[in-house]
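Heads up, the thing below is written out as structure tokens.
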Amino acid sequence: MRRPRAALWASLLAAMAGAATAETDPADWDGVLEAAEGQTVYWNAWGGDPRTNAYIEWAADEVLSRFGVELELVKQSDISAAISTVLSEKSAGKDEGGSIDLLWINGENFAAMKEKDLLFGPWAEDLPNWSLLGAEDNPALTEDFTVPTEGLEAPWSMAQVVFYHDSARVPEPPKTVRDLLDWTRANEGRFTYPQPPNFLGTTFLKQALLGLVEDTGPLYAPVSDADYEAVTAPLWDWLGELTPTLWRSGAAYPQSGPAQRQLMADGEIDIAISFSPAEASAAIANFELPESVRTYVLDGGTIGNANFLAIPYNATAKEGAMVVANFLMSPEAQARKQDPEVLGALTVLDVAALGEEDRALFEDLDLGIATLTPEELGSPLAEPHPSWMERIEEDWDRRYGAGQ
């Protein structure tokens, strides 16, 4: 029996709508690759480091030639702007065809997006290269600042706080935050840190707090569960003494890690903080820092974390985004990223468990004159709960930033 024309059109429209909203199962990798071909992935990422941007451009060329996926880097000075875009699209009911396909996020940004159901997934643990991570033995790959990722993020880089110093001027750098204060008193104007909310500047504050408090336990639970004023009092007392001894007496701060590195290159400071253990070696190799610069960690350890990739819930090119994330976790991409002459970032892979050919990619790397060995780096300290980061940033700004 022939259906009425109205009913026929209704069924066709429903089928078309279903096709538009269908998502490829992340576990069906052949299906993901097929759907991804021809897609354009708009990756919103922090764009403040030229070397990182160059690495992403290399990756874009690779995924285009290998998988037919076009990758467009959308540089952000603050990734929270991208999150606001996704939130605005959701508020406007734009649950499909979103303008952002991939995000470089972690910490409080991930926690906020997860809480507001702004993320696609789970997908990360279905990627073919997930098996190379050894994630079952590395909680940093499945917890983001204590928040379980639950397959909503894929790690693409590891980081750990280090300090680097010009050994020609500072042969024995301070190895604790209390010793750093003594050193800056004796060497006024020769140290600074990036201005919060720059992630590196905020990390410096967290690193200092971990080194100053007797009980770090409260920092790994939501800040609302603790006496914030009592826990952070040692940090503000310490900063009150440190700030007048900083570069420009704390009246100005570098706006980013690269800007801080330039101060070192110009001979204006002698010690700097970094989240990349190979940053100094990479800068020496690129003639950006003198060969006398060396790297060290504080006694008692330094903060470490993973950099993650997430896909917004309304992304247009979800399959393409998964293909990009999987490629960035490949041994080839990870080894290139760890090369100090390229970027010098720590790998997320369990190198010891790789096959001989892939393992050789890492074993053959010259990590550089100023890069610490894994034994010298030591086990990283876990990141505090992201809610502490938010409160500390607000408090710092009120005391020392634009709000002072």
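Tabulated results
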quantity	calculated
Rounded tilt (10° steps) of 5-21 against the dominant C-alpha axis of the chain	20 degrees
Charge context of Thr40, other residues only, Cβ under 13 angstrom, K/R +1, D/E -1	-4
Ranked order, Tyr220, Tyr42, Tyr253 - accessible area, probe 1.4 Å, largest first	Tyr42, Tyr220, Tyr253
Anchor Lys318: lysines whose Cα lies under 20 Å away (excluding residues fewer than 8 positions away in-chain)	Lys75, Lys90, Lys94, Lys114, Lys116
Sequence-distant residues sharing a close amide H with Leu381 (under 5 Å, placed H)	Thr302, Ile303, Gly304
Cβ-based net charge around Arg178, under 15 Å, with every Lys or Arg adding one and every Asp or Glu removing one	-4
Percent accessible area from carbon and sulfur atoms, the range 43-115, protein chains only, probe 1.4 Å	48 percent
Tilt relative to the chain, helix 318-328 - C-alpha long axis, 0 to 90 degrees, to 10	40 degrees
Amide H contacts of Gln76 (H built 1.01 Å from N, under 5 Å, at least 5 apart or other chain)	Ala45, Trp46, Gly47
Accessible area of the chain divided out per residue, in Å², using a probe of 1.4 angstrom	44 Å²
Using θ = phi - 60° and Karplus 6.51 cos²θ - 1.76 cosθ + 1.60, couplings along the range 258-275 (whole Hz; Gly, Pro as x)	x, 5, 5, 4, 5, 4, 5, 4, 7, x, 8, 10, 10, 9, 9, 9, 9, 9
Cα centroid separation, the range 189-230 to the range 318-374 (Å)	30 Å
Computed label-point distance, nm, for sites Asn286 and Glu96 using a 7 Å Cα→Cβ extension	4.2 nm
Pair Asp299, Arg66: separation of 7 Å Cα→Cβ label points (nm)	4.6 nm
Environment charge of Ala226, counting only residues whose C-beta is closer than 13 Å and scoring Lys/Arg +1, Asp/Glu -1	-3
Using θ = phi - 60° and Karplus 6.51 cos²θ - 1.76 cosθ + 1.60, couplings along the range 30-44 (whole Hz; Gly, Pro as x)	4, x, 5, 4, 5, 5, 6, 4, x, 7, 10, 9, 9, 9, 8
Helix 228-242 vs. the chain, principal-axis angle (Cα, 0 to 90°, nearest 10)	50 degrees
Highest-MSF residue in the chain out of Arg185, Arg66, Arg169 [GNM, Cα springs under 10 Å]	Arg66
The range 124-185 versus the range 258-306: alpha-carbon centroid distance in Å	15 Å
The range 35-96 - Debye-derived log10 I(q)/I(0), Cα point model, q = 0.28 Å⁻¹	-1.06
Karplus 3J(HN,Hα) series, Hz, for the range 285-297 with 6.51 cos²θ - 1.76 cosθ + 1.60 (x for Gly, Pro)	4, 9, 6, 9, 9, x, 5, 7, 6, 9, 10, 8, 10
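The values are calculated or read from the model by the stated rules, or taken from the named source; none is laboratory data. Source: prediction; values computed, not measured. So basically every Cβ, Gly included, is an ideal-geometry build from the backbone, and we count neighbours across all protein chains shown. Accessible surface is based on the protein model in full, side chains and every heavy atom, while ligands, DNA and RNA are left aside. Shrake-Rupley method; radii C 1.70, N 1.55, O 1.52, S 1.80 Å.
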